[in-house]
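Q: My structure is below; once you've seen it, I'll send some questions.
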């Protein structure tokens with residue numbers, strides 16, 4: 001169990017590092033195109049998907065339009081799959097917006113849900129570690145997504161599980177808003 005958690009955490013950290021690295025692509029591109037750093041920061045907010053943005057630019061959209069199309073946390077996995085099976089760029093971005101969880105989406109899609117249903121099920125920031133653990137524990141796709149949505153903080157979740165709490169209780173205790181309210185992002189006590 002600990003080995004699985006370790007792999008999930010490591011994978012998650014690698015993904016975050018890669019995403020953060022690529023996320024600067026919009027900002028760097030905007031500055032290189034002639035925007036001031038202030039304007040580039042404004043245009044390229046943290047909710048602009050890097051993968052979507054880079055593809056939009058490759059398809060001829062300007063900096064502002066690319067950022068606008070790809071705003072609202074477009075999922076990399078969902079967007080990539082949508083484009084692969086023929087969705088237009090704007091449609092792919094729209095379907096895959098609002099924080100579709102990557103691990104959830106990939107699993108739902110492979111399980112047999114179509115692209116739109118997979119995106120709908122996994123919307124609202126479904127935590128990768130929580131979702132994969134819920135599925136391993138025996139919850140189905142929809143229940144796992146429901147339990148693990150709304151930003152379950154992964155380090156907190158894994159510590160909660162290791163302390164003996166079940167999947168639901170761990171997720172409930174580790175939602176970002178719960179941790180913020182409790183002022184306990186730095187220290188998880190179970």
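Q: Sticking with the crude label model, points 7 Å out along Cα→Cβ, report the distance from residue 59 to residue 24 in nm, one decimal please.
A: That separation, rounded to one decimal, is 2.7 nm.
Q: Can I ask one more? So, R0 is 30 Å and r is the distance between the beta-carbons of residue 116 and residue 32; what FRET efficiency does that work out to, to 0.05?
A: Numbers: r = 36 Å, r/R0 = 1.18.
E between residue 116 and residue 32, to the nearest 0.05, is 0.25.
Q: Using a 10 Å cut-off around each Cβ, can you sort 55, 146 from fewest to most neighbouring Cβ atoms?
A: Values: 55 20, 146 17.
The most exposed by this proxy come first: 146, 55.
Where a number appears in this text, it was derived from the coordinates with a stated rule and is not lab data. Being a predicted model, the structure only gives us computed values, none of them experimental. Glycine gets a Cβ as well: all are built from the backbone with ideal geometry, and neighbour counts include every protein chain shown.
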